[in-house]
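Trainee: Submitted below is the structure of interest, expressed as structure tokens.
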Amino acid sequence: MNTQAATRRTALLVGGTGLVGRALLCLLLASDRYRKVHLLVRRAAPTLPPSAKLKIHRFDFTQLPGSALPAVDDVFIALGTTIKVAGSEEAFRQVDFDYVVNTARGALAAGAKRLAVVSAMGADPRSRAFYSRVKGEMEVAVAQLGYETVVIAQPSLLLGDRRALGQPARRAEHLATRFLGPVSWIVPRGVRPICARSVAAAMFAEVLAAKPGVCRLKSGTMQGGD
């Protein structure tokens, strides 16, 4: 028996049409550590890379946690929006808290052991800022679900081409790219805008390392060679 083939894992990815999610999808599809990748999407995504091991599921996240998810080993959640894009604080919380936590809970029930989630720099359940508070509350909730390994990425502003993925550009990210890019070397690593691919790579490596407990990846430690 091929031992390596027998131990290849199955992954669930949510948010694969965003910057970090798309980078994660490419890593998962290219890796010989994974034999199948299940991708949950809320709407059709025609620009996804073709692969024999990719299984796309159109999914209504409002049905969680009641709807069954596919059996997987590892879960990567890169869901996220902004209050402006969502339209209200309530709609933002539904995506960044409800959808994230309910997906993680559903995947755990389906047999998953390792979880990686994209949060944000400054996430704090006690924050006065609504965005940071919701992110912090989400982190607390997923950390308490019972996964063997939990990886929480806390990136600064993300760098990447959202328009190429069919997403509206985010003003803060655009300004960071335009004005901070040429002088990024003088900005402290901990707050410097970060390439989405670097975030994905750090999450991917930490999940494969399978260290028990909760690991929070700070933005500065994920910078890599940026």
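The values are calculated or read from the model by the stated rules, or taken from the named source; none is laboratory data. Worth saying up front: this structure is predicted, and the values here are computed from it rather than measured. Here Cβ is always computed from backbone atoms with ideal geometry, including for glycine, and neighbour counts include all displayed protein chains. Just so you know, the surface numbers come from the protein's heavy atoms only, side chains and all, with ligands and any DNA or RNA stripped out. Shrake-Rupley method; radii C 1.70, N 1.55, O 1.52, S 1.80 Å.
Trainee: Go through segment 122-132 residue by residue and tally those that are surrounded by 17 or more Cβ atoms within 10 Å (Cβ to Cβ) and either out of contact with any helix residue (DSSP H, G or I) (no Cβ under 9 Å at 6 or more places or on another chain) or of a type in the set (Ser, Thr, Tyr) (or both). Let's see the steps before the verdict.
Mentor: So the first thing to find is which residues in segment 122-132 are surrounded by 17 or more Cβ atoms within 10 Å (Cβ to Cβ), and the list is 123, 131-132.
Right, trim to either out of contact with any helix residue (DSSP H, G or I) (no Cβ under 9 Å at 6 or more places or on another chain) or of a type in the set (Ser, Thr, Tyr) (or both) and you get 131-132.
Selection size over segment 122-132: 2.
Trainee: For residue 128, only one of the following conditions fails: (1) modelled with pLDDT of 95 or more; (2) of a type in the set (Lys, Arg); (3) closer than 16 Å to residue 38 by Cα. What is its number?
Mentor: (3)
Trainee: Can you name the residue in segment 53-76 that is without any contact (Cβ under 8 Å) to a residue 24 or more places away in the chain and not in a helix (DSSP H, G or I) and is also farthest from residue 102 (Cα to Cα) among such residues?
Mentor: The extreme case among them is 55.
Trainee: Tell me yes or no: at least one residue of segment 5-16 is modelled with pLDDT under 95, assigned to a helix (DSSP H, G or I) and loosely packed, with under 15 Cβ neighbours inside 10 Å.
Mentor: yes
Trainee: Then there's this: Is it fair to say residue 79 is within 16 Å of the chain's Cα centre (by Cα), under 20 Å from residue 19 (Cβ atoms) and not in a strand (DSSP E or B)? Explain how you work it out, then say what you get.
Mentor: Values: within 16 Å of the chain's Cα centre (by Cα): yes; under 20 Å from residue 19 (Cβ atoms): yes; not in a strand (DSSP E or B): yes.
Against the criterion (within 16 Å of the chain's Cα centre (by Cα), under 20 Å from residue 19 (Cβ atoms) and not in a strand (DSSP E or B)), residue 79 qualifies.
Trainee: (1) more than 18 Å from the chain's Cα centre (by Cα); (2) open to solvent by 40 Å² or more (accessible area, probe 1.4 Å); (3) more than 25 Å from residue 135 (Cβ to Cβ); (4) among the charged types (D, E, K, R): which one isn't true of residue 53, the others all being true?
Mentor: With (1) more than 18 Å from the chain's Cα centre (by Cα); (2) open to solvent by 40 Å² or more (accessible area, probe 1.4 Å); (3) more than 25 Å from residue 135 (Cβ to Cβ); (4) among the charged types (D, E, K, R) applied to residue 53, the lone miss is (2).
Trainee: Which of (1) modelled with pLDDT under 60; (2) polar (S, T, N, Q); (3) closer than 26 Å to residue 45 by Cα does residue 119 not meet, given it meets every other one?
Mentor: (1)
Trainee: Further, regarding this structure: Pull out all pairs, ordered by first then second residue, where Cβ-Cβ is under 6 Å, the residues are six or more apart or on different chains, the first lies in segment 31-52 and is more than 19 Å from residue 205 (Cβ to Cβ), and the second is of a type in the set (A, V, I, L, M, F, W, C) and open to solvent by 20 Å² or more (accessible area, probe 1.4 Å).
Mentor: Here the result reads 39/56; 40/59; 51/29, each pair linking segment 31-52 to a residue that is of a type in the set (A, V, I, L, M, F, W, C) and open to solvent by 20 Å² or more (accessible area, probe 1.4 Å).
Trainee: Okay, next question. Could you grab me the full set of residues in segment 94-105 that are open to solvent by 10 Å² or more (accessible area, probe 1.4 Å) and over 13 Å from residue 60 (Cα atoms)?
Mentor: Answer for segment 94-105, where residues must be open to solvent by 10 Å² or more (accessible area, probe 1.4 Å) and over 13 Å from residue 60 (Cα atoms): 97, 105.
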